[in-house]
Amino acid sequence: MSREDIRELQGRRLHKIVDYVYHNVPFYRNKLQEMDIEPDDIQTIDDIVRLPYTTKQDLRDNYPYGLQAAPQSEIVRVHASSGTTGNPTIVGYTRKDIGVWSECMSRCLTAYGITREDTFSVAYGYGLFTGGLGAHYGVENLGATVVPASTGNTEKHLRLIRDLGITGIACTPSYALHLAETMGKLGIRKEDIKLRIGAFGAEPWTEDMRREIESRLGLQGFNIYGLSEIMGPCVSYECECKHGSHICEDHFFPEIIDPETLQPLPRGQQGELVFTTLTKEGMPLLRYRTRDLCSLMEGECECGRTAVRMTRIVGRSDDMLIIRGINVFPSQIESVILSTQEFEPQYQLIVDRIDNLDRLTVRVELRNEFMTDLLPELAALEHKLADKLKSVLSIRAKVQLLPQGTLERSQGKSKRIIDNRKI
Ligand code: DLL
């Protein structure tokens, strides 16, 4: 489509979605009424700047279904992503939403060069996380053969990659490196496998990592970006030019804003990425602040696609960490520690990458009255905290107990996070 036609389509869809949320989501109706905006005031895509922002806090305040627009009888699936406190963010999808998602995911796969002839392994986690099922439906919709490998069980997965002649794979970039390493241990060479295309995302990665993965697995690696609040994987994807990721902007309208002033920034400037869902029925969102920092790219892409491109994510405007593809907020760890009487509210989080897998170590001070010389008792305490953290974060952390008063007390902002990964 020409840029003009895209903008015209976006304007029409924006008007429709504003009208839809106005009549179906009290949260938005109240906000729009407070701002004195009627759905008919929004006619073109340029009018978007008049609309209110939506934040993760809004989703939390309206947990679980407060922002849902469709009646529950129309919701065919829910996914969830981690919140900054105990409450996850719940996202409901209608059948049409699942159709749009699958279609956009198939678009990504087609851009990478996947066809019906391919056998494609989905090695994102299946479950509440959107990675597994999101990619799965896209592969099926395209008509390629899907192998729902999910995460874990790396050796079995590698044997399947070899024995089934799997040609495409979707997983986090760090898991791709882990696969390469495990291949070495099993004595499988890259000449023994047929992988040719990888769809890597769910966490930040660099050009250096791309080169490393490509050379070790013998494939072409492409970026895939997305977030559960907006849909899941498929919001943007790289084409063969591997120069920025095309946004499915007929469904997800992007803006870049200054995270401090909340003012929209001109094309090309780096800031916080904001999305408005233009067609979603289950939980449509107006101007959702992703907290991801990047910029939108000027100009046409050599591949011929006219959809706007975004650069890689260069950081976050909050303190969220992505560990093994799972979003972790330090505040979640803090509230677990604070709810356990044995520990001081003094902790430090250390993230390392060992054998290409992320490791989280939580260093925490044990209160004097609980200090003991008995190693089994200390080990039991470490286990207890690690179990509690696992139930909240869905990943296992190594807990390291310290005597009370060990960690440096800071005057200003405390340095609680040490991220040793080079990404
Ligand atoms: O990570 C969806 C997804 C699954 C995307 C599989 C790609 C592949 P969430 O768990 O809600 O959803 O996490 C969303 O992950 O706001 C970014 O901070 C980060 N993220 C996702 N993809 C990329 C990427 C899924 N390609 C959050 N590069 C987002 C950098 C990414 N960061």
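The values are calculated or read from the model by the stated rules, or taken from the named source; none is laboratory data. Predicted, not measured: the structure shown is a model, and the values here were computed from it. Quick reminder, even Gly has a Cβ in these numbers, built from the backbone with ideal geometry, and neighbours come from all protein chains shown. All accessible areas refer to the heavy atoms of the entire protein, side chains included, with ligands and DNA or RNA removed. Shrake-Rupley method; radii C 1.70, N 1.55, O 1.52, S 1.80 Å.
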Legend entry - Positive minus negative residues near ARG421 (Lys, Arg vs Asp, Glu; Cβ under 13 Å): -2
Inset, instruction - Could you work out the relative contact order of the chain, using alpha carbon pairs under 8 angstrom and six or more residues apart, expressed as a whole percent? - result: 13 percent
Inset, instruction - Tally up the carbon and sulfur contribution to the accessible surface of the chain as a whole percent, 1.4 Å probe, everything protein left in place. - result: 48 percent
Legend entry - segment 49-96 - Debye-derived log10 I(q)/I(0), Cα point model, q = 0.13, 0.14, 0.26 Å⁻¹: -0.33, -0.39, -0.97
Legend entry - Å² of accessible area per residue within the chain, as computed with a 1.4 Å probe and no ligands counted: 45 Å²
Inset, instruction - Go ahead and estimate [θ] at 222 nm for the chain from helices alone: -39,500 (n - 2.57) per DSSP H run with n ≥ 4, summed, over the residue count, rounded to 500. - result: -10000 deg cm²/dmol
Inset, instruction - Please work out whether segment 264-320 counts as rounded, prolate or oblate from its C-alpha gyration tensor, where a ≥ b ≥ c are the square roots of the eigenvalues and a/c under 1.5 means rounded, while otherwise a/b larger than b/c means prolate and anything else oblate? - result: oblate
Legend entry - Semi-axes of the equivalent ellipsoid for segment 161-260, Cα gyration tensor, largest first, Å: 30, 13, 12
Inset, instruction - Note the per residue figure in Å³ for the convex hull of the C-alpha positions in segment 265-412. - result: 181 Å³
Inset, instruction - Consider all pairwise Cα distances in segment 1-103 and report the whole-number % of them above 20 Å. - result: 50 percent
Legend entry - Range of Cα positions in the chain per principal axis (Å), largest first: 71, 59, 42
Inset, instruction - Please sort by residue number the GluC sites (Glu not before Pro) in segment 102-158 whose DSSP state is loop and whose Cβ has at most 10 other Cβ atoms within 10 Å. - result: GLU117
Inset, instruction - Only Cα pairs under 8 Å and at least 6 apart count here; give the relative contact order of segment 249-292 as a rounded whole percent. - result: 35 percent
